[in-house]
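So the structure is just underneath, and the comments pick up after that.
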Amino acid sequence: MKRMYKREKGEFGVGTLIIFIAMIIVAAVAATVLIQTAYVLQQQAEETGSIARQDVATGFKVITIQGIREEIMYEDETVGTLSAGDTTFSGTLDHVPVNPHTVSITDGTHNLTDDGTGKLVEEGGGSNVSGTINYNTGEITLTYTTAPGDVTITATYGSGYYSTIAYLDIKVGLMAGSPPISLFSVLVEISDGYTDVTLTYNSSANSFDDLDNSTFGVEVARDMPPSNWERDKVITSGDIIRIFINASAVGLYLEPQTEVMVKLIPKHGVPNLVMFTTPATYTTKYIDLW
């Protein structure tokens, strides 16, 4: 049996118990705070990592950039008169060469358009009159199944192109590993050195004429599964879209040898910057720029 000495003391009683319980509670509270803090830090770290991965992986890749010149149009040009009783007409346009797919011929009753191969076809599938056009010489011939009365033949057509690029067609896809991107959150910045504008997406635009100085349009060229472009306007892996810009409406003056900057800016991720110089001369309607 252990002997008890006078100098040895012990603690006992309710006060000691309270202190002991208080120490346990304090330790538990401290542990809870540490656990909660660690959890919050873990969540923040995971969120930061996710955002960092998203910012690194998200983005576009530019495939091609094409410039389009606007056609010089001549409207309601009088080509000649067909006398009553005649069934054939020939005449020559004033401006050559004539641009294919731009010709519209009318006698006031019958309307014809060219099919791009030199044939003039009556609109609406009619068979009252047919004809041909020589794009190089501008010569037009018309043949009627039934002779009309005295009629005046007029033409609207294009010949040549303006000296500057009027429209831009930018074909893009997603970077490898990029998550889907909504076009509603994308900005397009473009500059010719004198004018610098930032454009937003206009989902209702169906042609260049629907675009103004603050918007760009998009047409899907390839919509891979899941096919969600028409519903969500979202581009996913494997998709290819065409971004349309009305350069004239924006205020760009894209003459030959103009330095151009285009930047595609998604909501998250790395902006895609493309810089190019337009060719020294323009000889066609469609011009490869990048």
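Within segment 262-282, residues that are on the phi > 0 side of the Ramachandran plot reach partners that are part of a loop (DSSP other than H, G, I, E, B) and not hydrophobic (A, V, I, L, M, F, W, C) with beta carbons closer than 8 Å, at six or more positions or on different chains, in the pairs GLY269/THR58; GLY269/GLY59; GLY269/SER178.
On the basis of being of a type in the set (Lys, Arg), surrounded by 15 or more Cβ atoms within 10 Å (Cβ to Cβ) and under 18 Å from GLY59 (Cα atoms), does LYS263 make the cut? Steps first, answer last, please.
On the way: of a type in the set (Lys, Arg): yes; surrounded by 15 or more Cβ atoms within 10 Å (Cβ to Cβ): yes; under 18 Å from GLY59 (Cα atoms): yes.
Considered against the rule, which asks whether it is of a type in the set (Lys, Arg), surrounded by 15 or more Cβ atoms within 10 Å (Cβ to Cβ) and under 18 Å from GLY59 (Cα atoms), LYS263 comes out as yes.
Of note, SER214 satisfies the criterion of being under 17 Å from TYR167 (Cβ atoms) and loosely packed, with under 13 Cβ neighbours inside 10 Å.
Are any of the residues in segment 64-73 of a type in the set (S, T, N, Q) and over 30 Å from LEU252 (Cα atoms)? Within segment 64-73, not a single residue is of a type in the set (S, T, N, Q) and over 30 Å from LEU252 (Cα atoms).
Filter segment 162-184 for residues that are touching a Pro at 6+ places or on another chain (Cβ under 6 Å) and in a helix (DSSP H, G or I) and give the result. Across segment 162-184, there are no qualifying residues.
Coordinate-derived values only; no laboratory data. Since the structure is predicted, the reported quantities are computational estimates derived from the model, not experimental observations. Note that each Cβ is placed from the backbone with ideal geometry, even for glycine, and that neighbours are counted across all protein chains shown.
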